[in-house]
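Single-structure report; data block below.
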Amino acid sequence: MIARRFAEEWSIRVTKIHQETNYSLEQCRILPNPDVVAKRLDEELVIIHLGTDQIYSLNSSAARFWELLESGLEVLEAKKQLVEEFAVSMQELDEDIRSVLKLLLENQLITVEK
C-alpha cells in the first residue's frame, strides 16, 4: 500500500514536471543546492543543508549517484554509469533512483536544470 502510494505520488510529480517544463527529467542536469555541503565518510555521504541545519546520510550507491550528478552528468548518463559499476539492471536501478531523487527534491538538496 505504501509502495503503491509512493509510486502514484512520484508519477504525479514527474508528470507535473514534464507538463510544466516539457522535458524529461532524465535529460536534466541535477546539481546540489548551493546551500548544501557534502562530505564522503567511508562508504556513505553526509549532506548538510546549511539553510535548514538538517543532516542527511546517503548509502554507498546513493552517494555514488550524488557524485555523478555533482560532476555534471545528466540523470540518464549517471544511471548508465551506475548500471556498469553496480552490476544491476536499469529496471532495478530506476526504482532506487526515483526514491533518492524524491528524497533530495523534497528536502531541497538539489536543483534541476534543463
Within the stretch 47-76, of all residues that are out of contact with any helix residue (DSSP H, G or I) (no Cβ under 9 Å at 6 or more places or on another chain) and among the β-branched types (V, I, T), the one surrounded by the fewest Cβ atoms within 10 Å (Cβ to Cβ) is I55
Qualifying positions in the stretch 84-103 - surrounded by 16 or more Cβ atoms within 10 Å (Cβ to Cβ) and either free of Cβ contacts under 8 Å to residues at least 12 places away in the same chain or of a type in the set (K, R) (or both)
R98
How do the pairs read when you match residues in the stretch 32-61 that are within 10 Å of L109 (Cβ to Cβ) with residues anywhere that are of a type in the set (K, R) and exposed (fewer than 14 other Cβ atoms within 10 Å of the Cβ), using Cβ under 9 Å and keeping only pairs 6 or more apart or on different chains?
I47/K39; I48/K39
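Rule-based calculations on the coordinates, nothing more; no lab input. From a predicted model like this one, the values you see are computed outputs, not experimental measurements. With ideal geometry, Cβ positions are generated from the backbone for all residues, glycine too; neighbour counts draw on all protein chains shown.
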